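The values are calculated or read from the model by the stated rules, or taken from the named source; none is laboratory data. This one's a predicted model, so the numbers in the text were calculated from it and none came from an experiment. Glycine also receives a Cβ, built like all others from the backbone with ideal geometry; neighbour counts cover every protein chain displayed.
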Amino acid sequence: MEDKTLSTRVILVRHGKSSYNQERRIQGRLDASILTEEGRETARLVAEALRGISFDAIYSSPLQRAKETASVILSHLQADGQHPPLEPKASLMEIDLPAWEGMLRQEVIEKYPQDYRCWQERPHELRMLVPNANGYTEHFPVLAIYKQAQQFWEEILSRHSDGTILVVAHNGINRALISTAVGISPAFYHSIQQSNCGISVLNFASASDSAQGARGSVQLESMNLTYHVGEKLPKPRENHHGVRLLLIRHGETEWNRQSRFQGQIDVPLNENGREQARRVGEFLKDVEIDFAVSSSMLRAKETAEVILKYHPQVEPKLDDGLREISHGLWEGKFESEIEQIFPGMLQQWKQAPETVQMPAGENLQQVWERASASWQTIVASAAPGTTGIVVGHDAINKAILCHLFDLSPKSFWCFKQGNGAVTVIDYPKGADAPPVLQAMNITSHISGGILDKTAAGAL
């Protein structure tokens, strides 16, 4: 089943490394931090990765570290053709942390231990008192940046009903932009990674194409891609003591290529799918893999085995809980056949998937429960400091990604999973602490660029 057609693409970039990043200072809205030489070079590498993409608008934060990153990108892009001028937007300013800005992170930890712990564990509850003419005003930095992100989307998406937009901003506001688009709670502020010059891609449907409100539906195509700056996978955060899991979708099958629903029919990889699996293996060959878990279905198992040729000491463990959704009587059929036999049901699946009970098959709540249970078992049983691969399917991987952020089946279409895509999920403080989505739907090893060009195919 192909993901829905989406009409406005937003390419989101975090600024390059700044002087405050280097010094480990809190930046916030303080505009004293400037790009380092490394920051300017990685901005140039972003431009290289964006070559060939035509932009209808380019926006940046007015703070100099983001504005200069955008200017460097634009100057290199203009060598290949005309692009719209850079437009700074106040609604792309970084999160406002007035009590901490300019301080070394260690100073903040020592001076405000309780507040810093709240920031780490319950970021949406962090409160700062800001002086004003009448005394003090309560300021909730994370809640405020989410409101600001929502305002940016409302303004920009109403202005651009289609086309491609480049946005260059900061760590905090980028997290909030992704979260408000997808529907992730501010409580998960720290569960989204944004590396310096990391690239994320969001696709929005117009309101006329969606039943989900004025902004339309959204798909996070990919998140925090860093291969273009020399990092295949983002580095773990500091003091990482937990497990790293690489969630992988199987390679292409002939039924994927034909857009035929496969579900739990055990269709093998086709030749292109085997090549995709080989490329995943090549991509991960220098990563130390300690264990592997795969769906027991042939297309996932074969993908895992091809990847593990580079890691012969690892045997994949098969997990029935990771099997693809059962489409029941839809399996083996094309969309046209399904519409003829079950009129209107396919449109319901596209617009409100959480309401669909597959005839003689599963509903998404059943998929959520078994995928989440398998995932939690994998996380809990992994030794601290290890890295494992988990090879699953489109619906299963989407369910797992939603599970990370406590999202319901209603959010099923929000995450894209291309054939052979790699998603990086860390548990830096152990299985019982919140996860961090480090990168999502990396397909550069297959498509050669930042956009996922794998066939959407069928589930």
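Return the total of residues in segment 142-184 being out of contact with any Leu (no Cβ under 6 Å at 6 or more places or on another chain), part of a strand (DSSP E or B) and hydrophobic (A, V, I, L, M, F, W, C).
Total satisfying the criteria: 3.
Which residue is farthest from W375 (Cα to Cα), if the candidates are limited to segment 429-443 and must be assigned to a loop (DSSP other than H, G, I, E, B) and touching a helix residue (DSSP H, G or I) at 6+ places or on another chain (Cβ under 8 Å)?
Across segment 429-443, the extreme among qualifying residues is P434.
Report, by residue number, each residue of segment 91-117 that is in contact (Cβ under 8 Å) with a residue 60 or more places away in the chain and among the polar types (S, T, N, Q).
S91, Q106
Does any residue of segment 267-282 turn out to be surrounded by 16 or more Cβ atoms within 10 Å (Cβ to Cβ), within 23 Å of A399 (Cβ to Cβ), of a type in the set (A, V, I, L, M, F, W, C) and out of contact with any His (no Cβ under 8 Å at 6 or more places or on another chain)?
yes
Name every residue in segment 91-116 that is under 25 Å from Q148 (Cα atoms) and either under 26 Å from the mean Cα position of the chain (by Cα) or among the hydroxyl-bearing types (S, T, Y) (or both), in order of residue number.
If the condition is that a residue be under 25 Å from Q148 (Cα atoms) and either under 26 Å from the mean Cα position of the chain (by Cα) or among the hydroxyl-bearing types (S, T, Y) (or both), then S91, L92, M93, E94, I95, D96, L97, Y116 are the ones that fit.
Where residues in segment 240-252 are touching a strand residue (DSSP E or B) at 6+ places or on another chain (Cβ under 9 Å) and at pLDDT below 95, which of them is farthest from A395 (Cα to Cα)?
Result: H240.
Scan segment 362-380 for residues that are touching a strand residue (DSSP E or B) at 6+ places or on another chain (Cβ under 9 Å) and either closer than 22 Å to I184 by Cα or of a type outside the set (A, V, I, L, M, F, W, C) (or both) and jot them down.
N363, A371, S374, W375, T377, V379
Would you call W368 assigned to a helix (DSSP H, G or I), more than 22 Å from the chain's Cα centre (by Cα) and either surrounded by fewer than 24 Cβ atoms within 10 Å (Cβ to Cβ) or of a type in the set (S, T, N, Q) (or both)?
The answer is no for W368.
If I ask for residues that are of a type in the set (D, E) and surrounded by 17 or more Cβ atoms within 10 Å (Cβ to Cβ), which ones from segment 68-100 would you list?
E68, E94, D96
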